[in-house]
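A short worksheet on the structure shown next.
The values are calculated or read from the model by the stated rules, or taken from the named source; none is laboratory data. This one's a predicted model, so the numbers in the text were calculated from it and none came from an experiment. Using ideal geometry, Cβ is built from the backbone for each residue, glycine included, and neighbour counts are taken over all protein chains shown.
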């Protein structure tokens, strides 16, 4: 995968550190941390529907996808420990999308998250796995095989469920999560840590969902790069308590 060759030529295994220094590497850690937090919460939200979905097959799928995403988050949290640079200090808040702040009240929200958000997170995993940061390149590829099933499940329900409004809302949040042009994602792509730019991520999302992007207007002046969103709000306390009670501490970002 090129790691040995990099070391032989005197370059660090984390190519970003050599090119952009600590600031760029901290941006990468912030992005990976947000991806891990969102994957963990997405898994929890899926699991909440494992006995409430419209069909038995959907119940089983919700449980299976929930376990997948919680497992993926653990891998991502583990990757953070392998990346150089400073940690998050005392900041232990979740950096998740607003769509995951509260339990979903309708199946249409489940479908929207499955179709749009899960796909957006998968695209970012692809971009990280296609970059030059060795620990991400080598550890994230297996996730993509499992995410294929998530995509097929969401795509099938997108055709059956009346989820248009929820899909539009989730799509807006996915665009927020990718960030504005010229922000950290584009800088990380230029440095080689990601294989896709913001515009390329948005184009891939349109291609995967096989539909045009809905009209989206975002005031980027209020965008929080750490949380990758423009809105206030936090994860609900019962969910936070549940995660902290069930997860192993070594995989947790804390609370």
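Computed values, structure above
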| quantity | calculated |
| --- | --- |
| Cross-chain or 6+ apart pairs with Cβ under 6 Å, segment 70-85 first and closer than 11 Å to residue 37 by Cα, then part of a helix (DSSP H, G or I) and at pLDDT below 90 | 72/143; 74/251; 77/251 |
| Members of segment 70-83 that are part of a helix (DSSP H, G or I) and at pLDDT below 90 | 81, 82 |
| Candidates 61, 52, filtered to the one that is crowded, with 22+ Cβ neighbours inside 10 Å, modelled with pLDDT under 90 and touching a helix residue (DSSP H, G or I) at 6+ places or on another chain (Cβ under 8 Å) | 61 |
| Lone qualifier among 28, 67 - being in a helix (DSSP H, G or I), at pLDDT 55 or above, touching a helix residue (DSSP H, G or I) at 6+ places or on another chain (Cβ under 8 Å) and surrounded by fewer than 22 Cβ atoms within 10 Å (Cβ to Cβ) | 67 |
| Considering residues of segment 219-242 that are more than 16 Å from residue 34 (Cα to Cα) and in contact (Cβ under 8 Å) with a residue 24 or more places away in the chain only, the residue surrounded by the most Cβ atoms within 10 Å (Cβ to Cβ) | 239 |
| Subset of segment 132-167 [modelled with pLDDT of 80 or more, surrounded by 16 or more Cβ atoms within 10 Å (Cβ to Cβ), closer than 14 Å to residue 35 by Cβ and within 16 Å of the chain's Cα centre (by Cα)] | 136, 139, 140, 143 |
| Filter pass, residue 37 being in a loop (DSSP other than H, G, I, E, B), modelled with pLDDT of 50 or more and either under 30 Å from residue 109 (Cβ atoms) or touching a strand residue (DSSP E or B) at 6+ places or on another chain (Cβ under 7 Å) (or both) | no |
